[in-house]
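What follows is a single structure, written as structure tokens, with notes after it.
The values are calculated or read from the model by the stated rules, or taken from the named source; none is laboratory data. A quick note: this is a predicted structure, and the numbers were derived from the prediction, not measured. Every residue, glycine as well, gets a Cβ built from its backbone with ideal geometry; the counts of neighbours run over all protein chains shown.
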Amino acid sequence: MEKKNIDWANLGFGYHDTDKRFVANYKNGAWDEGALVSDATVQINECAGVLQYAQTCFEGMKAYTTQDGHIVTFRPDLNAQRMEDSCRRLEMPVFPKERFVKAVIDTVAANEAYVPPYGSGATLYIRPYMFGSSSVIGVKPADEYQFRVFTTPVGPYFKGGVKPLTIKVSDFDRAAPHGTGHIKAGLNYAMSLHAIVTAHEEGYDENMYLDAATRTNVEETGGANFLFVTKDNKIVTPKSDSILPSITRRSLMVVAKDYLGLEVEERVVPFEEVKEFAECGLCGTAAVISPVGRIVDHGREITFSSGMNEMGPITKKLYDTLTGIQMGRIEAPEGWIQVIK
Ligand code: PLP
Ligand code: COI
């Protein structure tokens, strides 16, 4: 298979049209068979549920070329489960988990020419998503839905690759208690746009959201969970019912414990404790692990001892082990790697 002529090493995190995408439609209470199609355009009624009341959710995954030349993806069963959770919370029909995984595999296989080569620093980002496609004008769930999967080759989510980030403690809230912070609803991202644009205008890379109820505990950023390292090398990650259960973070906790022999804690993290940590990182499919060098809370700066030039040593070990597993350099725990080709 001849790869496309793309400058893989200089790809940013953007949309790049690929050859095929998967589309399935839900009508009269059932999903159709679905198919891979060439047209990247979606045509829906002006009054579609997604356009009027934001009835949509999505997932984010990646396909990797391994050291020995296979194409694989990482823990797709967990994305399928999380999408099911999102759909239930948004009164959308569930796309069966086995069909979700098959649709992902088929879409990646059909776009093999766009899967970045091993060692290029790029990956193929996979975006499964669903939306209410039939018209609704009274506030209620749509009757018809579309489930789609597209792919796009990507480089690092943050410009500058692994250069430590500067984070702003946001004045805005991301998710309310008992709201939708724990699912991957499009609406969570729509309402974070003003906060991220404001943060970027002020020179920050990302926002740290605190819990909306008390504004005392660390939640997450707009697109990744936090991970901290204590001065005695313990891994600490915030526990909250209003953050997205990151698959990367859950995997890193296993990597830390079973591969690196580190102690791990998932617990409430008061913001006041953050200055005590030695390292900080953002973790997610897009972010992988992006190091944080500094957090600014209304003029008060916290700079981690790992500094502003490179990843902290423990963060680096986590990064190397996780990406080693994903790229086939390190043996994966049972069931983590789904071979596509
Ligand atoms: N938190 C938010 C708000 C996200 O959008 C994402 C991205 O998917 C994550 C965390 C990281 O989750 P995952 O590791 O499953 O990609
Ligand atoms: C991902 O990491 O896959 C996400 O969905 C985060 C998004 C902000 C790109």
Gly281 vs. criteria in a strand (DSSP E or B), in contact (Cβ under 8 Å) with a residue 12 or more places away in the chain and more than 16 Å from ligand 2 (Cβ to nearest atom): no
Subset of the range 220-233, residues within 16 Å of ligand 2 (Cβ to nearest atom) and crowded, with 24+ Cβ neighbours inside 10 Å, comes to Glu220, Thr221, Ala224, Asn225, Phe226, Leu227
Note on the range 92-111: residues in a loop (DSSP other than H, G, I, E, B) and of a type in the set (Phe, Trp, Tyr) are Phe95
Is at least one residue of the range 72-91 assigned to a loop (DSSP other than H, G, I, E, B) and surrounded by fewer than 20 Cβ atoms within 10 Å (Cβ to Cβ)?
-> yes
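Every residue, every condition in (1) in contact with a strand residue (DSSP E or B) (Cβ under 9 Å, 6 or more places away or on another chain); (2) at pLDDT 95 or above; (3) buried (at least 17 other Cβ atoms within 10 Å of the Cβ); (4) small (Gly, Ala, Ser), yes or no:
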position: Pro291; (1), (2), (3), (4): yes, yes, yes, no
position: Gly307; (1), (2), (3), (4): yes, no, no, yes
position: Lys317; (1), (2), (3), (4): no, yes, yes, no
position: Leu322; (1), (2), (3), (4): yes, yes, yes, no
Checked the range 1-30 for anything without any contact (Cβ under 8 Å) to a residue 12 or more places away in the chain and either outside the structural domain of Glu112 (by TED's automatic domain parsing) or closer than 17 Å to Asn111 by Cα (or both); matches are Asn5, Asp7
Exercise for review: For Val236, indicate whether it is more than 16 Å from ligand 2 (Cβ to nearest atom) and closer than 26 Å to Gly160 by Cβ.
Suggested key: yes
Counting only residues in the range 52-73 that are farther than 23 Å from Gly181 by Cβ and of a type in the set (A, V, I, L, M, F, W, C), the one nearest to ligand 1 (Cβ to nearest atom) is identified as Ala63
Flagged in the range 1-16 as assigned to a loop (DSSP other than H, G, I, E, B) and surrounded by 11 or more Cβ atoms within 10 Å (Cβ to Cβ), in numbering order, are Lys3, Lys4, Ile6, Leu11, Gly12, Phe13, Tyr15, His16
Per the filter on the range 312-341, residues free of Cβ contacts under 8 Å to residues at least 40 places away in the same chain and of a type in the set (A, V, I, L, M) are Ala332
Review point. Within the range 187-201, is even one residue crowded, with 19+ Cβ neighbours inside 10 Å, within 14 Å of ligand 1 (Cβ to nearest atom) and in a strand (DSSP E or B)?
Key: no
Taking the range 55-71 and keeping residues more than 16 Å from ligand 2 (Cβ to nearest atom) and either crowded, with 17+ Cβ neighbours inside 10 Å or β-branched (Val, Ile, Thr) (or both) leaves Gln55, Thr65, Thr66, Ile71
Reported set for the range 234-264 where residues are over 19 Å from the mean Cα position of the chain (by Cα) and among the basic types (Lys, Arg) is Lys234, Lys257
